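Written out below as structure tokens is the structure these notes cover.
Derivation of every value follows stated rules applied to the coordinates shown; laboratory data play no part. Being a predicted model, the structure only gives us computed values, none of them experimental. Backbone-built Cβ (ideal geometry, glycine too); neighbour counts: all protein chains shown.
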């Protein structure tokens with residue numbers, strides 16, 4: 001473990017702003033790569049972990065831990081897998097066995113149905129429309145460079161229309177639109193209005209395919225969870241750095257680069273620090289609250305102005321037993337009901353089994369339309385959530401042992417979750433996203449090229465920012481090589497996944513089997529029709 005550095009020393013090689021996963025990864029990599037490198041991390045909140053938050057809840061076995069922030073990982077997220085191995089942390093699979101439940105329709109009483117496959121139960125024409133849209137989107141996304149989406153062929157065309165407009169153009173059924181927009185909101189915390197179609201295609205490219213983004217098995221983004229929770233990753237990194245090297249409740253208010261040889265960083269408490277380089281890893285929407293001297297280029301201001309942070313409201317409910325499993329349900333619920341102008345046909349958007357690795361039963365869920373439900377009284381919102389759960393899973397859902405929720409838009413020094421997405425018109429300024437501003441370098445999952453918006457993207461961005469600083473601080477080719485080689489090897493693994501034809505098959509074997517069943521059904525229908533016509537002619 002590194003030796004503590006006193007805050008009173010005041011002078012550092014590198015100051016990292018933000019003690020989330022990206023900032024702490026950057027600090028850790030710098031200390032590992034450059035022996036004796038003086039690094040300090042300044043965090044505005046009174047805790048570390050950024051957009052991860054692991055909390056204790058009462059449960060059947062006493063007390064256990066669950067994630068109210070980012071939590072899922074998968075086998076193609078090589079950067080977070082490297083960090084898990086580095087810190088000696090394990091993972092366990094997301095439970096998916098059993099029947100799934102869906103809500104759809106825009107009538108006064110939306111319909112609840114069950115389904116078994118990866119794809120919701122949909123009418124034939126809606127299913128064909130959905131599969132065709134995802135095939136088209138995946139095909140377009142393959143041509144989007146992960147490191148420079150603004151350079152893609154037809155980038156300006158897709159940057160000029162919203163994802164909502166793109167979806168309307170490429171689908172012809174309301175059912176397919178509802179499925180795609182619902183899935184988009186689960187992973188982005190926002191519907192498609194305002195987000196550019198180019199941003200959507202880049203998001204797919206960064207995460208390999210539509211199936212990879214939305215699936216909870218078979219290498220999908222929700223395939224596995226971290227034993228002990230996601231926030232302990234940051235806690236372990238803090239321990240490796242030395243707790244005195246990570247200062248909490250120190251919001252940075254100014255970064256002064258007036259001097260050519262050093263940077264002065266001042267916090268709200270009045271502390272002043274001097275360093276050679278800064279890594280700013282806080283969310284883009286929070287970065288604008290810092291005063292920069294001199295001011296960053298106007299192009300960067302315009303870029304930040306073309307982003308929008310997501311709005312997620314997440315909950316955990318613990319229970320005495322996993323009663324849904326006893327009934328043959330996987331615990332997965334997907335609400336595809338059309339917006340009725342107020343509450344989107346109930347508060348639930350998506351629910352999944354959250355049973356811990358210690359077999360403590362629980363459900364995790366995301367709320368539909370947080371703008372509406374976030375302003376409902378806490379007790380009324382909780383009651384509505386439990387009542388909605390009960391319509392799917394039975395009356396047992398009404399009596400959890402414990403219940404906790406997190407509205408990330410109300411989190412100080414965060415203001416939303418999970419990430420900042422690009423709005424229409426961003427392509428003109430997007431190339432600023434990772435360009436250093438003199439001695440200030442940028443990290444954060446928004447700046448990732450692989451799995452942007454996910455835990456793995458946060459780790460990649462931290463490694464990349466550290467790599468940039470290593471190249472500036474040291475003349476040792478060995479140090480530069482060690483840092484660059486690690487990042488390049490992990491990026492290369494992601495590139496291999498992205499090029500894999502199997503990964504880009506929209507719904508893999510399940511999709512082909514579904515299409516096969518459709519084909520057989522159409523053939524059977526044709527044979528029946530032909531037979532009836534033959535009988536009529538014979539008569």
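Things worth noting here:
- Taking 0.36 nm per residue of sequence separation and removing the Cα-Cα distance, the residue 109/residue 89 pair yields an extension gain of 2.7 nm.
- Each label was represented as a point 7 Å from its Cα along the Cα-to-Cβ direction; for residue 325 and residue 142 these points are 4.0 nm apart.
- Fully extended contour minus Cα-Cα distance, from residue 488 to residue 262, at 0.36 nm per residue: 78.4 nm
- Rg/Rh for the stretch 288-411, where both radii come from Cα atoms and Rh is the Kirkwood radius: 1.14
- The stretch 210-319, relative contact order [Cα under 8 Å, separation at least 6], %: 15 percent
- Each label was represented as a point 7 Å from its Cα along the Cα-to-Cβ direction; for residue 160 and residue 472 these points are 3.8 nm apart.
- Largest first, the three principal axis extents of the alpha carbons in the stretch 361-490 are 65, 37, 23 Å in whole numbers.
- Taking 0.36 nm per residue of separation and subtracting the Cα-Cα distance, full extension of the segment from residue 132 to residue 379 would add 84.7 nm.
- Translational diffusion coefficient (Stokes-Einstein; Kirkwood radius from C-alpha pairs) of the stretch 220-313 at 37 °C, 0.692 mPa s, in µm²/s: 201 µm²/s
- Antiparallel DSSP beta bridges within the chain, percent to nearest 5: 70 percent
- With q set to 0.23 Å⁻¹, the log10 of I(q)/I(0) for the stretch 205-271, from the Debye formula over equal scatterers at the Cα positions, is -0.97.
- Rounded to 0.05, the FRET efficiency of the residue 99 and residue 47 pair, given R0 = 51 Å and the Cβ-Cβ distance, is 0.85.
- Normalised by residue count, the chain yields a Cα convex hull volume of 159 Å³ per residue.
- Computed helical MRE - 222 nm, the chain, DSSP H runs ≥ 4 contributing -39500 (n - 2.57), nearest 500: -12000 deg cm²/dmol
- Length-normalised contact order of the chain in % [C-alpha pairs under 8 Å, at least 6 apart]: 24 percent
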